[in-house]
Amino acid sequence: MLKLAIQKSGRLHEDSMKLLKECGIAISNGANKLKTEATNFPLQVFFLRDDDIPQYVEDAVADIGIVGENVVYEKNKSVKTVEQLGFGGCRLSIAVVRGEQYNNIQSLEGRRIATSYPHLTKQFLKKNKVNAEIHEISGSVEIAPGIGLSDAICDLVSSGSTLLTNGLKEVETILQSQAVLIRHNNFNAAQQQVLDKLLFRIHAVRKAKNNKYILLNAPNDKLDEIIGLLPGMKSPTVLPLADKGWSSVHSVLSEDEFWDKIEQLKAAGAQGILVVPIEKMVM
Ligand code: ATP
Ligand code: ZN
């Protein structure tokens, strides 16, 4: 049995629950519950504040946890990152008042910076040999300059719209972050086995998301050229169509090369191209 800590509510909660669901793990999310158990996988799920997750995992109160890299690095606990999960993307950035002149990092010398990330902010300033006053506050950091608490902030940004509405501009990026799976450092063989089983499923889910299943019709005289464009898991499947002289070709394409390949396939004579999502993909 593994104990997994996820965020109780907030930006990572939904995606963490969705990942478990896509891995075929059934858990009930009773409102205001502290913990629950999966019915079909040896997993217990704890719902916690994200800030507390690294500590709970270090102490092995939870064996594994899903949390932002920003929190992992800020808390600096002795935990191991096992897997990047591809959601919860954001960056930790320094922002200053929009109208203010900002030339480079030296412009922060002697200024007051409000942040919930004192450790990472200090580390960044030290690395750049800048002395600034850090004011640690726990929430609504973006309003600090407006109320005269600070000259700048260091906070998480995704679209930048919060900065915009608060009259701030992003000037330095300290860290790029996404949600990760962490574990403590004292795993036994049985725990590792359950984790491997979970990771196997996570890989299959993530791999499927990055790939599309493609079906197309190809004139037989163009078949070699078209097959040459397709990678497939081993090689494409080719089936004869009722219409003599044509074949149906099935393959898998990755998201990054998708549009380029479609254009090339069309140019090579492919017709009736169908693209369908893949639910799970096991290599
Ligand atoms: P908690 O109540 O659990 O302490 P919180 O208010 O600290 O929640 P959220 O705002 O829900 O945290 O953010 C959780 C995580 O979501 C962040 O630590 C970060 O990894 C990620 N995230 C992604 N985009 C953003 C964003 N634009 N602002 C803040 N966090 C973001
Ligand atoms: Zn938090």
(request) Using amide H atoms built 1.01 Å from N in the peptide plane, name the residues 5+ places from Ile174, or on other chains, whose amide H lies under 5 Å from its own. (result) Leu92, Ser93, Ile94
(request) Mind jotting down the distance between the C-alpha centroids of the stretch 7-27 and the stretch 168-225, whole Å? (result) 16 Å
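Which of the trypsin sites (Lys or Arg not before Pro) across the stretch 190-283 are loop residues per DSSP, with 12 or fewer other Cβ within 10 Å?
Values: sites: Lys197, Arg201, Arg206, Lys207, Lys209, Lys212, Lys222, Lys234, Lys244, Lys261, Lys266, Lys280; in loops: Lys234, Lys244, Lys280.
Of the trypsin sites (Lys or Arg not before Pro), the ones in loops of the stretch 190-283 whose Cβ has at most 12 other Cβ atoms within 10 Å are Lys234, Lys244.
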(message) Out of all DSSP beta bridges in the stretch 90-177, what portion is antiparallel? Express it as a percent rounded to 5.
(response) 65 percent
(message) Less than 12 Å Cβ to Cβ from Leu19, Lys/Arg counted +1 and Asp/Glu -1: what total charge do the surrounding residues give?
(response) +1
(request) Quick one: go through the stretch 246-282 and flag any residue whose amide nitrogen is under 12 Å from the point 7 Å out along the Cα-to-Cβ line of Tyr213. (result) 250-253, 275-282
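Considering all alpha-carbon pairs of the chain, what whole percent are spaced by more than 27 angstrom? Provide the component values of the computation, followed by the final result.
Values: 22359 of 39903 pairs.
Beyond 27 Å sits 56 percent of the P(r) for the chain.
To the nearest µm²/s, what D does Stokes-Einstein give for the stretch 90-177 at 20 °C and 1.002 mPa s, using the Kirkwood radius over alpha carbon pairs as Rh?
For the chosen part, D equals 170 µm²/s.
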(request) State the extension gain, in nm to one decimal, for the chain segment bounded by Glu136 and Ile273, taking 0.36 nm per residue of separation less the distance between their alpha-carbons. (result) 43.8 nm
(request) Calculate the dipole size of the stretch 211-277 relative to its Cα centre from +1 charges on Lys and Arg beta carbons and -1 charges on Asp and Glu beta carbons; express the result in debye to the nearest 20. (result) 220 debye
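Need one word for the stretch 69-111: rounded, prolate or oblate. Basis is the Cα gyration tensor (sqrt eigenvalues a ≥ b ≥ c); a/c below 1.5 gives rounded, then a/b vs b/c decides. List each step's numbers first, then the result.
Working: a/c = 4.29, a/b = 2.22, b/c = 1.93.
Prolate shape, in that a/c is at least 1.5 and a/b is the bigger ratio.
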(message) Let me check I've understood the local charge: for Glu83, count other residues with C-beta under 13 angstrom from its C-beta, Lys and Arg +1, Asp and Glu -1. What total comes out?
(response) +3
(request) Please label the shape of the stretch 158-256 as rounded, prolate or oblate, based on the square roots a ≥ b ≥ c of the eigenvalues of the alpha-carbon gyration tensor (a/c under 1.5 means rounded; beyond that, a/b larger than b/c means prolate, else oblate). (result) oblate
(request) Give a residue-ordered list of calculated ³J(HN,Hα) values for the stretch 173-180 (Karplus: 6.51 cos²θ - 1.76 cosθ + 1.60, θ = phi - 60°; whole Hz; x for Gly, Pro). (result) 9, 8, 7, 9, 9, 8, 6, 9
(message) I need the phi-derived Karplus couplings for the stretch 191-206: 6.51 cos²θ - 1.76 cosθ + 1.60, θ = phi - 60°, integer Hz, Gly and Pro marked x.
(response) 5, 4, 5, 5, 4, 4, 5, 5, 5, 4, 5, 4, 4, 5, 5, 5
(message) What is the angle, in °, between the Cα long axis of helix 13-22 and the longest principal axis of the Cα atoms in the chain? Nearest 10 is fine, range 0 to 90.
(response) 30 degrees
(message) Once you keep just the Cα pairs under 8 angstrom separated by 6 or more residues, what percentage relative contact order results for the stretch 211-277?
(response) 51 percent
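Throughout, read-outs are computed from the coordinates displayed, never taken from laboratory work. Computed from a predicted structure; not experimentally measured. Note that we place each Cβ from the backbone using ideal geometry, even for glycine, and neighbour counts take in every protein chain shown.
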